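Asker: Could you have a look at this structure, given as structure tokens, before my questions?
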Amino acid sequence: MKKIVTSAPFWRFGGFGILVSLALLAGCKGGAKSEQVAADSAVSVVDVRSEVVRQQRVEQIREYTGTISPYSKNMIASQNAMRIEKIYVEVGDYVTVGQLLVQMEATGYLQSKLQVENLRVDYERAKSLYETGGISKQQIDQLQTQLSVAEEALANLEKNTRLLSPINGVVTQRLFDNGDMTGGQPILQVQQLKPVKVMINVQEEFFSLVNTQMTADVKVDIYPGENFLGKVSLVYPTIDNMTHTFVSEIAYGNANLKIRPGMFARVTLNFGSISRVVAPDKAIIKQAGTDERFVYVINSDNTVSHRTVKLGQRLSNAYEIVAGINDGEKVVTAGISRLVNGAAVKEVSGLME
């Protein structure tokens with residue numbers, strides 16, 4: 001009988017080798033995963049540079065823009081629809097208070113003047129009769145009233161027939177010619193150019209600081225490098241609830257008539273100094289899609305907090321901070337692009353990318 005030789009079970013040799021290989025492979029994978037976790041943990045701590053923000057006295061200097069306007073502007077017109085007899089001035093002429101600018105057709109005025117003269121004669125006669133008892137008190141009072149009404153009408157008609165300048169200024173518009181019927185529409189425009197003014201919108205926070213004793217530096221673009229000393233001449237008493245600003249009027253004497261209406265102006269006001277936190281400009285980030293600005297503040301546990309701030313004026317390479325961070329806090333100045341709110345950080349010194 002032939003002896004049959006059987007081979008060793010699969011699991012004793014080949015199966016065992018496979019199991020060992022699988023175990024080794026699993027061990028390798030586990031080690032790689034542990035290394036990756038450790039690496040991820042290391043990457044989550046962001047290297048940053050920081051700076052401590054401090055309070056300091058900051059001059060509250062603000063610049064505003066506006067357009068130069070005449071201090072006053074008058075439209076010269078007759079109340080009545082009359083024909084123009086003569087215009088005595090032309091555009092660009094300088095005029096003074098009370099100067100005759102336009103003579104309107106005088107027919108109605110002359111008739112009214114004659115009527116007043118007749119009434120005065122009648123009144124004087126009646127007054128003599130009244131003194132001798134020839135007429136009653138009621139009759140003399142009636143005549144006196146008629147004379148007063150006629151004199152007022154004559155004075156009003158004279159104002160609308162002889163058109164005088166109400167201000168010292170310059171003729172800036174002429175809208176009719178001699179012989180035209182005006183229909184009560186303006187004939188000339190006169191503007192007062194000594195002084196001139198500019199209206200600006202000032203932030204609500206300075207409302208209590210603006211007064212008519214304040215001076216202002218005025219600059220106009222066509223005179224680079226020149227400053228014109230103006231003064232606050234009027235402060236509007238209300239604040240716009242949409243813009244949270246109020247209107248202030250800045251006047252400039254303009255003795256040499258160098259500044260003219262329509263020029264673009266920049267007005268600078270100094271409100272004194274205020275203690276403010278100042279932060280480096282490298283720490284300020286603009287929130288995408290909004291006008292908001294924020295910083296990353298380093299907490300005591302070496303994490304960062306995303307903090308919205310309200311900026312004041314720019315100071316060379318820093319910003320005045322009106323609200324949002326406090327004196328002595330640390331803000332991130334480098335490494336910002338890798339940060340998110342709550343991220344862990346490590347402060348380093350030296351150059352960073």
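Asker: Looking at ARG293, ARG260 in this structure, which one is outside the structural domain of VAL340 (by TED's automatic domain parsing) and of a type in the set (Lys, Arg)?
Answerer: Exactly one of ARG293, ARG260 is outside the structural domain of VAL340 (by TED's automatic domain parsing) and of a type in the set (Lys, Arg), namely ARG260.
Asker: When residues of the stretch 146-166 are filtered for being hydrophobic (A, V, I, L, M, F, W, C), buried (at least 17 other Cβ atoms within 10 Å of the Cβ) and within 38 Å of the chain's Cα centre (by Cα), how many remain?
Answerer: Residues in the stretch 146-166 being hydrophobic (A, V, I, L, M, F, W, C), buried (at least 17 other Cβ atoms within 10 Å of the Cβ) and within 38 Å of the chain's Cα centre (by Cα): 0 in total.
Asker: Regarding the stretch 342-351, can at least one residue be identified that is part of a loop (DSSP other than H, G, I, E, B), of a type outside the set (Gly, Ala, Ser) and within 18 Å of ILE285 (Cβ to Cβ)?
Answerer: No, the stretch 342-351 contains no residue that is part of a loop (DSSP other than H, G, I, E, B), of a type outside the set (Gly, Ala, Ser) and within 18 Å of ILE285 (Cβ to Cβ).
Asker: Of all the residues that make up the stretch 339-350, how many are exposed (fewer than 12 other Cβ atoms within 10 Å of the Cβ) and either modelled with pLDDT of 95 or more or of a type in the set (A, V, I, L, M) (or both)?
Answerer: Matching residues across the stretch 339-350 total 1.
Asker: Another question, if that's okay. Go through ARG83, ARG125, ARG57, ARG49 for me and flag whichever is out of contact with any Lys or Arg (no Cβ under 7 Å at 6 or more places or on another chain) and either within 30 Å of VAL210 (Cα to Cα) or of a type in the set (Phe, Trp, Tyr) (or both).
Answerer: Every option except ARG57 fails the conditions.
Asker: State whether the residues of the stretch 51-66 include one that is surrounded by 19 or more Cβ atoms within 10 Å (Cβ to Cβ), closer than 22 Å to VAL171 by Cβ and touching a residue at least 40 places away in the same chain (Cβ under 8 Å).
Answerer: The answer is no, given that none of the residues of the stretch 51-66 is surrounded by 19 or more Cβ atoms within 10 Å (Cβ to Cβ), closer than 22 Å to VAL171 by Cβ and touching a residue at least 40 places away in the same chain (Cβ under 8 Å).
Asker: Could you grab me the full set of residues in the stretch 81-115 that are polar (S, T, N, Q), under 14 Å from ASN156 (Cα atoms) and surrounded by fewer than 16 Cβ atoms within 10 Å (Cβ to Cβ)?
Answerer: The answer is GLN111, and nothing else.
Asker: Considering the stretch 308-338 alone, what residues qualify as being closer than 24 Å to SER44 by Cβ and surrounded by 15 or more Cβ atoms within 10 Å (Cβ to Cβ)?
Answerer: GLU329, LYS330, VAL331, VAL332, THR333, ALA334, GLY335, ILE336 - these are the residues of the stretch 308-338 that are closer than 24 Å to SER44 by Cβ and surrounded by 15 or more Cβ atoms within 10 Å (Cβ to Cβ).
Here's the yes/no breakdown for (1) in contact (Cβ under 8 Å) with a residue 60 or more places away in the chain; (2) more than 24 Å from the chain's Cα centre (by Cα):
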| position | (1), (2) |
| --- | --- |
| MET242 | no, no |
| ASN256 | no, yes |
| ARG266 | yes, no |
| GLY272 | yes, no |
| PRO280 | yes, yes |
| ILE285 | no, yes |
| VAL295 | no, yes |
| SER305 | no, yes |
| ARG314 | no, no |
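Asker: Considering the stretch 288-341 alone, what residues qualify as being within 26 Å of GLN60 (Cα to Cα), assigned to a loop (DSSP other than H, G, I, E, B) and not β-branched (Val, Ile, Thr)?
Answerer: Answer for the stretch 288-341, where residues must be within 26 Å of GLN60 (Cα to Cα), assigned to a loop (DSSP other than H, G, I, E, B) and not β-branched (Val, Ile, Thr): ASP291, GLU292, SER316, ASN317, GLY324, ASN326, ASP327, GLY328, GLU329.
Asker: Here's a follow-up. Are there any pairs, at least 6 apart or on different chains, whose C-beta atoms fall under 6 Å, with the first in the stretch 181-205 and closer than 19 Å to TYR88 by Cα and loosely packed, with under 15 Cβ neighbours inside 10 Å and the second among the charged types (D, E, K, R) and modelled with pLDDT under 95, and if so, which?
Answerer: What qualifies is MET181/ARG83.
Asker: Looking at the stretch 122-173, which of its residues are basic (Lys, Arg) and closer than 30 Å to MET75 by Cβ?
Answerer: Correct list: LYS159, ARG162.
Asker: Taking the residues in the stretch 161-186 that are among the polar types (S, T, N, Q) and in contact with a strand residue (DSSP E or B) (Cβ under 7 Å, 6 or more places away or on another chain) as candidates, determine which candidate is nearest to VAL116 (Cα to Cα).
Answerer: THR161
Asker: Further, regarding this structure: Right, LEU269: of a type in the set (A, V, I, L, M), surrounded by 11 or more Cβ atoms within 10 Å (Cβ to Cβ) and in a loop (DSSP other than H, G, I, E, B) or not?
Answerer: Considered against the rule, which asks whether it is of a type in the set (A, V, I, L, M), surrounded by 11 or more Cβ atoms within 10 Å (Cβ to Cβ) and in a loop (DSSP other than H, G, I, E, B), LEU269 comes out as no.
The values are calculated or read from the model by the stated rules, or taken from the named source; none is laboratory data. Source: prediction; values computed, not measured. Positions of Cβ are backbone-derived with ideal geometry, glycine not excepted, and every protein chain shown enters the neighbour counts.
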